[in-house]
Amino acid sequence: ADVVLEVTDLSVAFPTEEGVVRAVSGLSYQARLGRTLAIVGESGSGKSVAGMAVLGLHDPRRTRTTGSIRLEGEEVVGASEWTLQALRSTTAAMVFQDPMSSLHPFHRVGRQVAEAYLAHHSVSKAVAHQRAVEMLDRVGIPNPHRRANQFPHEFSGGMRQRAMIALGLVNNPRLLIADEPTTALDVTVQAQILDLLGDLRREFGSAVILITHDLAVVAETADDLLVMYAGRAVEQGPAREVLSRPSHPYTEALLRSIPSPSEDAAQLRPIRGAPPSLLTPPPGCSFHPRCAFSDGMGAVCRTDAPAWRPTPGLVNRHLRCHLADPVAAIEIAGGAR
Ligand code: SF4
Ligand code: MG
């Protein structure tokens, strides 16, 4: 009953003049109340597309979506715009990297939050305004009464981000999807916003999906982790366990490519090569051109796409890789480096 979102075998493709861009393929995951799920990947991994699909934000005329997305039991794939609008904000809301994608530049911030509330509640304007001021206060905006009457351009970047979160949460959604919500902010403000998301999740008991390229952010905030590569999930499990004991060569490579407090920059190894085109992904395992383990595997990585399966030897973990014992393979290789 605590599963808010159930995504099953989701594929999202965009037909273009050059061919079909397969942004997301065969993706399955769940989001649960009171937990933060981080979806991690490089740009072009499909993580944002996977988030937007949950709210039905892709233009159906330009998108082919198959599989199932159930939001509190309600099917999103193929749903009418009317149904989607009802689901958005009451069941699930999304915040983006750029607050101005959600905030109207010429309307007072308090009015925007109040109108989002009025759209779903039969209350007076005064009550809605009061609710807006409360929400601004709740997300840590000082002097909320005065701030409610200001325009977005009168806010700092961090304050705008808070206002967008207030807008997203005003109707108490069961699921909040945050797509790179702190990428544009400086480190201090970033930490404050992440703390805020954690507090709100605890207070409202909602589920949070945090979409990010930043593994440091994941380590700070996530309960569960889904790693995406070239439109597919490649590894999934409890965040702390995946980060301390990665079982997929891509996760391991990602972890090696970021600085950790115990390593100096000289030990960092950027992942060789670049993420593949989603128009013409490599055959077999799409990570094979960059994988340090593929040469030792014969031809299989170049010819056969690995299946999504439970990770051998670990509980609550899944991965997509041909290695017979991926955990041991990675640990042995790590020891040899
Ligand atoms: Fe590397 Fe092969 Fe595993 Fe893909 S299937 S991650 S190429 S070892
Ligand atoms: Mg993105």
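The values are calculated or read from the model by the stated rules, or taken from the named source; none is laboratory data. If you're wondering where the values come from, they're calculated on a predicted model, not measured in any experiment. Please note: Cβ atoms are built from the backbone with ideal geometry, for glycine as well, and neighbour counts cover all protein chains shown.
Any residue at all in region 33-40 that is in contact with a His (Cβ under 9 Å, 6 or more places away or on another chain) and in contact (Cβ under 8 Å) with a residue 24 or more places away in the chain?
Yes, region 33-40 contains a residue that is in contact with a His (Cβ under 9 Å, 6 or more places away or on another chain) and in contact (Cβ under 8 Å) with a residue 24 or more places away in the chain.
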Within region 92-125, can you find the residues that are in contact with a helix residue (DSSP H, G or I) (Cβ under 8 Å, 6 or more places away or on another chain), more than 14 Å from ALA148 (Cα to Cα) and outside any helix (DSSP H, G or I)?
-> ALA92, ALA93, MET94, VAL95, PHE96, SER102, HIS121, VAL123
Kindly indicate whether SER80 is free of Cβ contacts under 8 Å to residues at least 40 places away in the same chain, exposed (fewer than 14 other Cβ atoms within 10 Å of the Cβ) and within 16 Å of ligand 2 (Cβ to nearest atom).
-> no
Is it fair to say PRO181 is buried (at least 22 other Cβ atoms within 10 Å of the Cβ) and assigned to a loop (DSSP other than H, G, I, E, B)?
-> yes
Find all pairs meeting these conditions: Cβ atoms under 6 angstrom apart; at least six residues apart or on different chains; first residue within region 42-70 and closer than 19 Å to LEU278 by Cβ; second residue more than 16 Å from ligand 2 (Cβ to nearest atom).
-> ARG64/ALA13; THR65/VAL77; THR66/SER11; GLY67/THR8; GLY67/ASP9; GLY67/LEU10; GLY67/SER11
Mind checking which pairs have a first residue in region 144-171 that is without any contact (Cβ under 8 Å) to a residue 40 or more places away in the chain and a second that is of a type in the set (A, V, I, L, M) and part of a helix (DSSP H, G or I), Cβ under 6 Å, 6 or more apart or different chains?
-> PRO144/VAL133; PRO144/LEU136; HIS145/VAL133; ARG147/LEU136; GLY158/VAL189
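Checking the condition at pLDDT 95 or above and either surrounded by 17 or more Cβ atoms within 10 Å (Cβ to Cβ) or at positive phi (or both), which residue from SER48, SER25, SER89 passes?
Exactly one of SER48, SER25, SER89 is at pLDDT 95 or above and either surrounded by 17 or more Cβ atoms within 10 Å (Cβ to Cβ) or at positive phi (or both), namely SER25.
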Residue satisfying condition, being modelled with pLDDT under 90 and more than 24 Å from GLN30 (Cα to Cα), within set GLY296, GLY273 | GLY273
Exclusive hit being within 16 Å of ligand 1 (Cβ to nearest atom) and acidic (Asp, Glu), set GLU81, GLU75, GLU42 | GLU42
Which helices (runs of 4 or more DSSP H) sit wholly inside region 194-294 and have at least 3 residues that are within 16 Å of ligand 2 (Cβ to nearest atom)?
-> 215-221
Which ones in region 209-223 are closer than 17 Å to LEU175 by Cα and surrounded by fewer than 24 Cβ atoms within 10 Å (Cβ to Cβ)?
-> THR212, THR221, ASP223
